[in-house]
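Data block below; observations after.
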Amino acid sequence: MLTRGGRRARSTGRASANPRQRLLHGWDWEDAAVELEALAPGSRVLVSAGAGEVVAALAAAGHEVTAIGANLEQLEYARRRVAGGPFEPGAAERLLDLGRGMVRAASPAWGRRRVHQFLLEQDPIRAAEHWKARLDNRTLASILRTVLGPAGAITALVQRDFATSIPAHFDDAVRGRVARALRKHPPATNPWAWRLLAGEDLPGHELAAVDPAAVRWSAEPLLEHLERAPEGAYDAVSLSNVSDGADERWVRDLRKAAVRAIVPGGAVIARSFATTMDDEAAKRARRDRAMLWGSIVVHRVGAQSAE
């Protein structure tokens, strides 16, 4: 996830606020397979530094990566992770731990041992059936509705720390997105299933080996970087879900700057928690292993419509 921020208050709300200088997430919650599928070989790509995982995957695939982040704590963590440093929990992981703890305390089906057994399932159909019959129960639905509702504790913390809005009915959406991911990706091989449901990494899962010196690290706000970038400086820009909850004027400025900074035919990749009427964006989100997204758009600069 990419936080917004900047020195110039050109818009209202969180989009113009200074980013919180703290570790926000220790894992990336984006599946780099989306970028890897969309990029031509050897692309010059601008991507959120995040937790370093997408950065490492793209650099290891031979792309020329610029990792950006205005949150210096997060940026340095990404650099450490790319260099082989250990996982450190951030605000996102602590929020998820809070939610899982509430569900675990109220529902025996969510006990650690039972969840671990479920996550070892290698058959996606059996995993989806187990989810529907046991884990996606009334307790889970009730707690998610409470903590992810407009006045929910997790909603308030997400808005404070990530400058991101939680869409209406996100509690139901998350349950449905987990179910659809399980039907396509068995939990035994899906790192995001382990992270979301157990708060642990998939055993044996490691970042791609990359020399951090091979990555360009940019400590500045995304919009300001794109506005200063030479025309056609990039072949692609991955925006994560930076537009969720952002000021409309800021989003317009960002889109204009991104299009100018990308070569014709290059890609703008954007995720959103919200659902979409764009069939291709919805299909791409359904294929994504990270289980959270409602929309993943790949827009080709100069093209009339997104892929």
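Filtering segment 231-286 to residues that are surrounded by fewer than 16 Cβ atoms within 10 Å (Cβ to Cβ) and at positive phi leaves G232, G265.
Okay, residues lined up against (1) open to solvent by less than 50 Å² (accessible area, probe 1.4 Å); (2) more than 18 Å from D201 (Cα to Cα); (3) modelled with pLDDT of 95 or more:
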position	(1), (2), (3)
R22	no, yes, no
D28	yes, no, yes
S43	yes, yes, yes
E76	no, yes, yes
E93	yes, no, no
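Summed over segment 216-251, residues that are over 20 Å from the mean Cα position of the chain (by Cα) and under 24 Å from G42 (Cβ atoms) total 11.
Where residues in segment 192-230 are in a helix (DSSP H, G or I) and open to solvent by 30 Å² or more (accessible area, probe 1.4 Å), which of them is farthest from V178 (Cα to Cα)? Let's see the steps before the verdict.
Step one: list which residues in segment 192-230 are in a helix (DSSP H, G or I), which gives 192-198, 212-214, 222-228.
The next check asks that each one be open to solvent by 30 Å² or more (accessible area, probe 1.4 Å); those that pass are 212-214, 227-228.
Numbers: P212: 33, A213: 36, A214: 35, E227: 37, R228: 39 Å.
Among those residues, the one meeting the criterion is R228.
When you go through D279, D253 one by one, which is the residue that is touching a residue at least 40 places away in the same chain (Cβ under 8 Å) and not hydroxyl-bearing (S, T, Y)? Answer to the check: D253.
Please tell me if G50 is modelled with pLDDT of 90 or more, over 28 Å from D171 (Cα atoms) and part of a loop (DSSP other than H, G, I, E, B).
Working: modelled with pLDDT of 90 or more: yes; over 28 Å from D171 (Cα atoms): no; part of a loop (DSSP other than H, G, I, E, B): yes.
Spelling it out, it is not the case that G50 is modelled with pLDDT of 90 or more, over 28 Å from D171 (Cα atoms) and part of a loop (DSSP other than H, G, I, E, B).
Looking at segment 253-267, which of the residues that are basic (K, R) and over 21 Å from the mean Cα position of the chain (by Cα) is nearest to A168 (Cα to Cα)? Show your work before the answer.
Going through segment 253-267, the residues basic (K, R) turn out to be 255-256, 260.
Now restrict to residues that are over 21 Å from the mean Cα position of the chain (by Cα): 256, 260.
On the way: K256: 28, R260: 33 Å.
Result: K256.
F87 fulfils the conditions (1) assigned to a loop (DSSP other than H, G, I, E, B); (2) farther than 30 Å from Y234 by Cα except for a single criterion, (2).
With respect to the conditions (1) open to solvent by less than 60 Å² (accessible area, probe 1.4 Å); (2) at pLDDT 95 or above, A70 lacks only one, and its number is (2). Filtered by the rule that a residue be over 26 Å from A193 (Cα atoms) and assigned to a strand (DSSP E or B), segment 261-291 gives I262, V263, P264, G265, G266, A267, V268.
The values are calculated or read from the model by the stated rules, or taken from the named source; none is laboratory data. What you see is a predicted model; the values in this text were computed from it and never measured. Note that each Cβ is placed from the backbone with ideal geometry, even for glycine, and that neighbours are counted across all protein chains shown. Keep in mind that these areas ignore ligands, DNA and RNA; they rest on the heavy atoms of the full protein, side chains included. Shrake-Rupley method; radii C 1.70, N 1.55, O 1.52, S 1.80 Å.
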